[in-house]
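Please treat every number below as a calculation from the coordinates, not as lab data. Predicted model only: the values in this text are computed from it and were never measured. Every residue, glycine among them, receives a Cβ derived from its backbone with ideal geometry; neighbour counts consider all protein chains shown.
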Amino acid sequence: MIGIVVGILEIWTRKMSVTRDEVQHIALLARLELTGEEVERYSEQLTAILDYSAKLNELDTSAVAPLFHAVPVENVFREDIPGNPLGVERSLQNTARRKEVFFEVPKVADGS
């Protein structure tokens, strides 16, 4: 994902038009297979997005304080109160499969 963002930012700082080759390069970074029609459409769409962001760069923001969040952020979590742990037997009582003191789940990766 970072490679995709860097690729788009490199295009943005250089010019405001995204070529077919650049779209294909971004697709390669994202591991996407695009048809010729999709490459053309995304080239136009990315160019339009970058053109719009260029308009935003024209705004005078010198009197605007930098923000980390657009709205005030509050901690919505409850107070952390220590409690009694469940214990192994109670934690594993409803599992379909267990192996000793662990949940046993189907293998999802081959390890390579």
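Things worth noting here:
- Inverse of mean 1/r across different Cα pairs in the stretch 32-112, Kirkwood, Å: 20.6 Å
- Modelled FRET efficiency - R0 41 Å, S17 with R97, Cβ distances, 0.05 increments: 0.15
- Exposure proxy ranking, count of Cβ atoms within 10 Å, fewest first, for H25, H69: H69, H25
- Residues whose amide H falls under 5 Å from that of R98, counting only those 5 or more places apart or on a different chain, are E104, with hydrogens built in the peptide plane.
- Neighbour counts of C-beta atoms inside 10 Å place L59, L46 in the sequence L59, L46, starting with the fewest.
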